[in-house]
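Rule-based calculations on the coordinates, nothing more; no lab input. Values in this document were obtained by computation on a predicted structure and should not be read as measured data. Virtual Cβ from ideal backbone geometry, glycine too; neighbours counted across all protein chains shown.
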Amino acid sequence: MELVCPAGNLPSLKAAVDQGADAVYVGFRDATNARNFEGLNFDERAMREGIAYVRRHRRRIFIALNTYPQPAGWPAWARAVDQAADLGADALIAADIGVLDYAADRHPDLALHLSVQGSATSYEALRFYRENFGVRRAVLPRVLSLAQVAQVVAQSPVEIEVFGFGSLCVMVEGRCVLSSYVAGQSPNTHGCCSPAVAVQWRETRRGLETRLGDVLVDVVGTGEHAGYPTLCKGRYLVSGATYYAIEEPTSLNTLDRLPELATAGVTAIKIEGRQRSPAYVRQVTGVWRAAIDACRRNPAGYRPDAEWLRVLSRVSEGQQTTLGAYHRPWQ
Amino acid sequence: MTVTETMIRARRPRLALGPVPYYWPRNELFAFYRAVARSPADIVYLGEPICAKNSSFRHEDWLAVGEELVDAGKEVVLSSLALIEAESELKALRRLCENGRFRVEANDMAAVSLLAGKGEFIAGPYVNIYNPRTLAALARRGLKRWVLPVELSRATLSAMQEERPAGVETEVLAFGRLPLALSARCFTARHHNLPKDDCQSRCLDYPDGLLLSTQEQEPFLALNGIQTQSARTYSLLGELDDIRALGVEVVRILPQWRHTPRILEVFADALARGPGAEQAQAELVSYMPAGPCDGYWQGRPGISWHA
């Protein structure tokens, strides 16, 4: 299995490569990718330098162009596709049918990966992208159980990449507009979920209030960890009970299920977190490199090392991890 | 061309009723569609878009209700499940797509895959069509009507309309709780501390979804099994002249537990006579469980309301 790691900037890219990532994925510094955060991502110069670094180490680089352009934005997205092709990206990760259509038409030699934002959850959906745009690989949304992943892989016409670690999207990616409902920007339109510009933190007598736009997402008491106000991870009131009505602020971690993912025929494990620091990328890449190598050497005897789990839990959102949908009872 | 000239040229949009997203009892569904047959809806979308475990109606029931609605003069479309996870769901999807009688609304790319190149199909609000290139790519494969994704604005729609391929109709959601997200997890089962596989059909208790409020008691979302909806009801009643001028062929009303036939009448009246009356607006608001919103249309956060 390949290890595909996130890089939000050059130091992260170098850290990923140095720690043994087989591929890194990156985005341009604009709304064309799903991690469009202030100060993050690559301008053209950084992209050239990053690609050169990856090439020197004989790894691969994928450029994510995985938002959905609207008519007014189309020229910028088309330009980004051309740029990714000209720069020599090993693959373009895209979600929008129009973008895939354009890329397949203008740059037939550019490998296309279907982004998780493309929301393909079945081999039947993947067939469409394969037959119409020659997509070679797809990243599955984090909503399928391990058995369902195995079923998709068994009949998939394309390689399958799955998320192994990082923030957990409880909603089907590419089909969640909670963020734009409250803050006017969504992963689909602006490449961001719960945009920082709409976030407010306020110390009150009740505790620390976190808001997105006008919506109170959580009130955190002393001693509690205050998470980023992602709408699906807030505490709300439902029929008189206040609780994490959608999802707890946890991270996804599939480290102990690696042999099952390998047996299922998954091509690549993806690490989430282009918005995270180079230190995160370094630590997480190092752990996953060691784990994948250990699993490859001896799948039957594979056990996650206690130290790996400690490292991962330190960098996890909410300091807890879950198998998410991979573990059927979670659903 | 002036707006008035465009309006004269643009035909009056037809009125569509979207599929029921909720889990309603079987007898209630029959009663609902009997009322719909007498309503001014021109197009009725049937089928289960959200939960594969909803067992109130089987495939044959939908076909039978479809025939009754055809007899009542309606155009009938079968809507597909929006999230496909299991092989059994693919199997049901194939049967739906190959029904041979009614056109199908694809609510997922698996459905698009099955329908593409095999005649005409409709892309529902769960299929991401954000630009004319996507629209054109799907039109080449048989797309005959598309529904504007909920988060897109009037400005985007207007630009889309200018480049829309010939022969493709545009449909716009004009009333209903907004479908905001889908998940593998069932939030209704979660609320009852039940596993999804043994949910005991608790959604039957929440025919308009389960209200989720903020800790300040502000109604925020409605949990409908694996779907998350807005608590507020989207309404474009006041925008119908504009919608018509934009050349939109179909406006969609989403079903709710009560008042749907009356809501269809209010929209039919507004389409025929113009929406002017504040009275009609006030009547609609009285049917909304948690007030109105229309921010998406205005290019603002969806939760906001122009007034």
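Structure summary
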{"item": "Helical contribution to [θ] at 222 nm, DSSP H n ≥ 4, -39,500 (n - 2.57), averaged over chain B, rounded to 500", "result": "-9500 deg cm²/dmol"}
{"item": "Packing-based order for A:159-165, A:194-200, A:243-249, using average beta carbon neighbours within 10 Å, highest first", "result": "A:159-165, A:243-249, A:194-200"}
{"item": "Rounded Å value of the spacing that divides the Cα centres of region B:181-201 and region B:240-259", "result": "31 Å"}
{"item": "Interchain or long-range residues, amide H under 5 Å from B:Thr233's placed H", "result": "B:Ala290, B:Gly291, B:Cys293"}
{"item": "Peptides ranked, highest mean first, by Cβ atoms within 10 Å: ranges B:171-182, B:10-21, B:105-116", "result": "B:105-116, B:171-182, B:10-21"}
{"item": "Per-residue HN-Hα couplings for region A:38-47 [Karplus 6.51, -1.76, 1.60; θ = phi - 60°; Hz; x = Gly/Pro]", "result": "3, x, 10, 6, 10, 7, 5, 5, 5, 4"}
{"item": "Relative compactness, chain B, computed as alpha-carbon Rg over 2.2 N^0.38 Å", "result": "0.96"}
{"item": "Lysine-lysine proximity count for chain B, Cα under 21 Å, sequence distance 8 or more or distinct chains", "result": "6"}
{"item": "Cα-based Rg and Dmax for the protein assembly as shown, where Dmax is the largest Cα-Cα distance (Å)", "result": "24.0, 76"}
{"item": "Over region B:226-307: Rg over Rh, Cα atoms, Kirkwood Rh", "result": "0.94"}
{"item": "Mean-position separation - Cα centroids, region B:86-127 and region A:60-86, in angstrom", "result": "29 Å"}
{"item": "Residue-averaged beta-carbon neighbours from other chains (10 angstrom radius) around A:145-158", "result": "1"}
